[in-house]
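First the structure, in the form of structure tokens, and then the observations on it.
The values are calculated or read from the model by the stated rules, or taken from the named source; none is laboratory data. This structure is a prediction, so every number in the text was calculated from the model and none was measured. Cβ atoms come from the backbone with ideal geometry, glycine included; neighbour counts cover every protein chain shown. Just so you know, the surface numbers come from the protein's heavy atoms only, side chains and all, with ligands and any DNA or RNA stripped out. Shrake-Rupley method; radii C 1.70, N 1.55, O 1.52, S 1.80 Å.
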Amino acid sequence: MDEQVRALEAECAELRRQLAAVQRPPLTDAAAFLESLLVAVPAFIIRTDADMRMLYVNRYQGGLRVEDVIGRELWDFLHPDSVLPARACIQSVLATGIPGAYEAISTGAEGSPAHYETFVSPLADPSGRLGVCLVSVDVTAPPPARSGVATE
């Protein structure tokens, strides 16, 4: 049974990767410029559909690949304590059209918990269904600098 589950998970990941590749249109000059900006920004920029499935992410946390992320729900990547505040903020943004922000805990670069400030704005798809655009900035305090001075 476990082997079947692993095989199905691998097949789903491959299908998500193929879907992401097919849905990516050729870049125009303006789109190429925006793509270079998105790659350079030191934050996660995410686009979701109306069901909060991720359609685009500008960068991936260590070890994750496109097929691990695209098509999955935003909530899958948040610490359980952060899901309710995130949902409340996003629901408010979708209901009012007014951008908002929330703080969340998610997995950081080395797999340890990281704190993110996330800014949310509504973003409609071509059919008019609202999803969101998220900009998540890692605000985790860096560890204190070591002075190099030995203490006794």
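Numbers at a glance
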| quantity | calculated |
| --- | --- |
| GNM result for the chain, Cα springs below 10 Å: residue of A101, A50, A141 fluctuating most strongly | A141 |
| Residue-averaged 222 nm ellipticity for the chain, from DSSP H runs of 4+ at -39500 (n - 2.57), nearest 500 | -11500 deg cm²/dmol |
| Where the stretch 1-109 is the region considered: accessible area per residue in Å², 1.4 Å probe | 64 |
| Environment charge at S136 (Cβ cut-off 12 Å; Lys +1, Arg +1, Asp -1, Glu -1) | -2 |
| With all protein chains modelled, accessible area of I105 [1.4 Å, Å²] | 50 |
| Sites matching GluC sites (Glu not before Pro) across the stretch 4-85 that sit in DSSP coil, with at most 13 neighbouring C-beta atoms within 10 Å | none |
| Percent accessible area from carbon and sulfur atoms, the stretch 46-87, protein chains only, probe 1.4 Å | 51 |
| Angle in degrees between helix 29-40 and the longest Cα principal axis of the chain, rounded to the nearest 10 | 30 |
| Linear extension gain, L94 paired with D2, 0.36 nm per residue minus alpha-carbon span | 29.2 nm |
| Calculated volume of the Cα convex hull per residue in Å³ (choose from (1) 124; (2) 186; (3) 151), label | (2) |
| Cα-based helix-to-principal-axis angle, 80-96 vs the chain, degrees rounded to 10 | 50 |
| Relative contact order of the stretch 1-103, defined on C-alpha pairs under 8 angstrom at six or more residues apart (%) | 21 |
